[in-house]
Amino acid sequence: MSLATSTTKMVRNSKKQYEDDDGRTIADMNVEGMPWYRSEQRRQSRAVARAALQEKIAKGEALTTRETLRYTLYATLAGLTVVGVIAGGTTLFIFVLWLLWK
């Protein structure tokens with residue numbers, strides 16, 4: 001391997017250092033849709049929140065009013081989704097039967 005090849009490899013592997021760079025992050029560039037997007041950060045934060053909730057439940061602490069309203073809303077939306085799918089399927093079935101009878 002020549003000296004020029006090894007020098008270019010060293011240059012590529014080293015990060016640029018700027019005089020005014022103190023290492024702080026100004027803005028999070030982990031944006032969905034970008035090639036460097038890391039969804040595991042979101043999964044980890046959800047897992048931490050879920051673990052905190054499990055710990056709270058294990059201790060027997062009551063949910064806050066906001067948490068109670070959130071989970072009540074989620075349960076209501078899940079029920080409405082099921083009712084909507086069943087109603088839509090029944091309507092579609094009746095419409096097909098009506099077309100066949102016509």
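The values are calculated or read from the model by the stated rules, or taken from the named source; none is laboratory data. In this text, all values refer to a predicted model and were calculated from it rather than measured experimentally. Here the Cβ positions follow ideal geometry from the backbone for every residue, glycine too, while neighbour counts run over all protein chains shown. Remember, those area values only see protein heavy atoms, side chains included, never the ligands or the DNA or RNA. Shrake-Rupley method; radii C 1.70, N 1.55, O 1.52, S 1.80 Å.
Assorted remarks:
- Local electrostatic count at Leu53 - Lys and Arg +1, Asp and Glu -1, tallied over other residues with Cβ under 12 Å: +2
- Backbone geometry of the range 21-32 corresponds, through the Karplus equation with coefficients 6.51, -1.76 and 1.60 at θ = phi - 60°, to 3J(HN,Hα) couplings of 8, 9, x, 6, 8, 7, 9, 6, 9, 7, 10, 4 Hz, x marking Gly and Pro.
- Quarter the surface of the alpha carbon convex hull of the chain and you get the mean projected area, 17.9 square nanometres.
- Rounded tilt (10° steps) of 65-101 against the dominant C-alpha axis of the chain: 60 degrees
- To put it simply, the accessible area of the chain at a 1.4 Å probe is 63 percent carbon and sulfur.
- Each residue, Asn30 and Arg42, gets one label point 7 Å from its Cα in the Cβ direction; the gap between the two is 1.1 nm.
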